[in-house]
Protein chains: 2
Amino acid sequence: MIIDCHGHYTTAPAAYTSWRDAQQAAFAAGDGQPPYPRISDDEIRESIEESQLRLMRERGVDLTVFSPRASAMGHHVGDESVSTAWARVSNDLIARVVQLFPDHFVGVCQLPQSPGVPISRSVAELRRCVEELGFVGCNLNPDPSGGHWTSPPLTDPSWFPFYEAMVELDVPAMVHVSAVTNPNFHATGSHYLNADTTAFMQFLQADLFTTFPDLRLVIPHGGGAVPYHWGRFRGLADMLRRPEPDESVMGNVVFDTCVYHQAGINLLFDVIDVDNILFGSETVGAVRGIDPRTGHHFDDTRRYIEALGLGEDDLAKVYERNVRRVYPRLDAMLTKAGR
Amino acid sequence: MIIDCHGHYTTAPAAYTSWRDAQQAAFAAGDGQPPYPRISDDEIRESIEESQLRLMRERGVDLTVFSPRASAMGHHVGDESVSTAWARVSNDLIARVVQLFPDHFVGVCQLPQSPGVPISRSVAELRRCVEELGFVGCNLNPDPSGGHWTSPPLTDPSWFPFYEAMVELDVPAMVHVSAVTNPNFHATGSHYLNADTTAFMQFLQADLFTTFPDLRLVIPHGGGAVPYHWGRFRGLADMLRRPEPDESVMGNVVFDTCVYHQAGINLLFDVIDVDNILFGSETVGAVRGIDPRTGHHFDDTRRYIEALGLGEDDLAKVYERNVRRVYPRLDAMLTKAGR
């Protein structure tokens, strides 16, 4: 069984994205939330079957851990009420996808984060998504300001109330930023990767996982710059009199395989223990084209993994067992279904 | 001949760093610049011979392209007058190192950047360092705010007056940030790498090198996350209808080899054309310890390069010919000296 831990609903029906525009316009005008449109099951089916599910079938992916479009989370937009309403409709839409395609999708939620608003205010939506909608994890934005980095580091105690809820509900978070308003950064080209690297270094510097031994975090995009600079991070840990990152961080942190060329995937598996790597593609996502050098989609990450020549056991870890370990609610769900 | 393109004077005499403290205290108190201390040639000799030069000899490095400590540039500190005085004494100190060890060091300058101050105000110090002190390049900080990224992207026309001066003087810049005040970032652990990735993506998005075909920029730390995510950048270029990065960026941009483990160096050379890689170590710098797995210093990057098994021609490019091409004033100097 092949599980993609990192898929976003980037092909959601136009009525949903139009509502977001209307919501922003209403906020700017000082009006209340606009009425949410009726979206039919057929519209959802079509938006999935012709894109995400088609790609999954072509690539032999059985199940995708699916969340709202990351760049559209836009936590910097509006205020807490705007983020709350947007998270709610976005998560409800994911729940409908899961309901329509229960064999192929499992939900991960967007949080109603807003700059300066305590993260404890996101616990209720996490709980609703996990307990009522059957979601198995969440995307946690370390920078709800959209590229101005005005929140404290993820190791700051102000984040702890959320971690407590995650541990209680037994769900992991993917550390995932959203769109960026700072013109220095390109969302998928630099902001995402920078956030991944930033989060890892924060974890390396602090004792977060001593405080929360059961906390599990996914750093996407192959861990940002971390595997390529693994020696730098090991050396910095040494200079800062911290334990080796394998010891202090990698018991609680995993990377996905959203690295879009063979040499990058080779490095990832060369440097990072196979237990810490979850298959992911970020489809339908950041990079949609076909690599003229290979004739295949850049984001068809399964091809790169297949070319590694891993043993069956390691392949099973990367494709299935690691993600079931990190997302125990997914594992329970699959076990119950006899998968 | 082996030339290290990336060394910082991190072991400068205490009197120099104490003056910086006094300068900051004076600024805070509203006083003028404190008197600069007398630093003897012996103090400088000792600070070099026992650290940078000892390491160079141990590692077989003949010459280092040497600049003031990057994390101490602190462009966010004080105001323009503070940065101007600090850049001047820092560059003068480098000039004295070069004067004392002309066979082993060549100077690269720090700029008097300050947040919100036009970059054209840094041209005079660049000109002084190149024309009067014999320096061959500069370190250009894309984020003088120290981690708040308040300046426009490097491709914005507001930077052009400086590029014009660089082209006129025929000197390259290393894109190098400094210390960071934003607690989300660790200077050498995330801010530096993020800045490298950010700068590359800015170059990929714009036509800077069409406007300045003779502009040359060094992205340090192995290009940040770029080689590891080379497929992502190629795919993004495709999505943004930009030319391949090899075509639009790599004619004017080179990476150094400040990547502190074998797998990372392997990837760098696997992905990036050997003409675009300059030997660099960032000594005495970010990571000073010994890797217990290898028994050698993390930052002894020559070992990783030697282990690649490159042909003589490629080795000569990485160690000498590329840096002489990118820094023509260095080449002229060496040629004149019969080296």
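The values are calculated or read from the model by the stated rules, or taken from the named source; none is laboratory data. Bear in mind the structure is a predicted one, so any value in this text is a computation, not a measurement. In this analysis, Cβ positions are derived from the backbone assuming ideal geometry, glycine residues included, and neighbour counts consider all displayed protein chains. For the accessible areas, the whole protein counts, side chains as well, though only heavy atoms, and no ligand, DNA or RNA atoms are used. Shrake-Rupley method; radii C 1.70, N 1.55, O 1.52, S 1.80 Å.
So which residues in the stretch A:200-215 are over 20 Å from B:HIS186 (Cβ atoms) and open to solvent by 10 Å² or more (accessible area, probe 1.4 Å), if there are any at all?
Passing the criteria: A:PHE212, A:PRO213, A:ASP214.
Give me a count of the residues in the stretch A:287-324 that are touching a Cys at 6+ places or on another chain (Cβ under 7 Å) and among the hydrophobic types (A, V, I, L, M, F, W, C).
Of the residues in that region, 1 qualify.
So in the stretch B:80-131, with the set limited to residues that are buried (at least 17 other Cβ atoms within 10 Å of the Cβ) and of a type in the set (Gly, Ala, Ser), which one is farthest from the chain's Cα centre (by Cα)?
Among those residues, the one meeting the criterion is B:ALA85.
Given the conditions (1) part of a loop (DSSP other than H, G, I, E, B); (2) surrounded by fewer than 18 Cβ atoms within 10 Å (Cβ to Cβ); (3) within 11 Å of another protein chain (Cβ to nearest Cβ), and given that B:GLY251 satisfies all but one, which numbered condition is not satisfied?
(3)
Looking at the stretch B:162-174, I want the residues that are of a type in the set (D, E, K, R) and have a partner that is surrounded by fewer than 23 Cβ atoms within 10 Å (Cβ to Cβ) with Cβ atoms under 7 Å, at least 6 apart or on another chain. Which pairs are those?
Hits for this filter: B:ASP170/B:PRO328; B:ASP170/B:ARG329.
Would it be correct to say that B:THR150 is closer than 20 Å to B:MET201 by Cα and open to solvent by 40 Å² or more (accessible area, probe 1.4 Å)?
Yes, satisfied.
Within the group A:THR181, A:THR197, which residue is touching a residue at least 12 places away in the same chain (Cβ under 8 Å) and buried (at least 20 other Cβ atoms within 10 Å of the Cβ)?
None of the others qualify; the one that does is A:THR197.
Only residues in the stretch B:283-302 that are free of Cβ contacts under 8 Å to residues at least 24 places away in the same chain and more than 10 Å from chain A (Cβ to nearest Cβ) count as the first member; pair them with residues that are of a type in the set (A, V, I, L, M) and in a loop (DSSP other than H, G, I, E, B), Cβ under 9 angstrom, at least 6 apart or cross-chain, and list the lot.
Close Cβ pairs (under 9 Å, with a partner that is of a type in the set (A, V, I, L, M) and in a loop (DSSP other than H, G, I, E, B)) do not exist here.
So which residues in the stretch A:181-210 are within 20 Å of A:TYR260 (Cβ to Cβ) and either more than 7 Å from chain B (Cβ to nearest Cβ) or among the charged types (D, E, K, R) (or both)?
Answer for the stretch A:181-210, where residues must be within 20 Å of A:TYR260 (Cβ to Cβ) and either more than 7 Å from chain B (Cβ to nearest Cβ) or among the charged types (D, E, K, R) (or both): A:ALA187, A:HIS191, A:TYR192, A:ALA195, A:ASP196, A:PHE200.
Residue by residue through the stretch B:255-278, note down the ones that are charged (D, E, K, R), more than 7 Å from chain A (Cβ to nearest Cβ) and either under 17 Å from B:GLY231 (Cα atoms) or open to solvent by less than 30 Å² (accessible area, probe 1.4 Å) (or both).
Hits for the stretch B:255-278 are B:ASP256, B:ASP273.
Could you please let me know if B:VAL130 is of a type in the set (A, V, I, L, M, F, W, C), closer than 16 Å to B:VAL65 by Cβ and within 14 Å of chain A (Cβ to nearest Cβ)?
So B:VAL130 fails the test.
I'd like to know if the stretch B:225-240 contains one or more residues that are more than 8 Å from chain A (Cβ to nearest Cβ) and either open to solvent by 10 Å² or more (accessible area, probe 1.4 Å) or among the basic types (Lys, Arg) (or both).
Yes, some residue in the stretch B:225-240 is more than 8 Å from chain A (Cβ to nearest Cβ) and either open to solvent by 10 Å² or more (accessible area, probe 1.4 Å) or among the basic types (Lys, Arg) (or both).
Mind checking whether some residue in the stretch A:165-172 is modelled with pLDDT of 95 or more, crowded, with 20+ Cβ neighbours inside 10 Å, within 9 Å of chain B (Cβ to nearest Cβ) and closer than 30 Å to A:ARG241 by Cα?
No.
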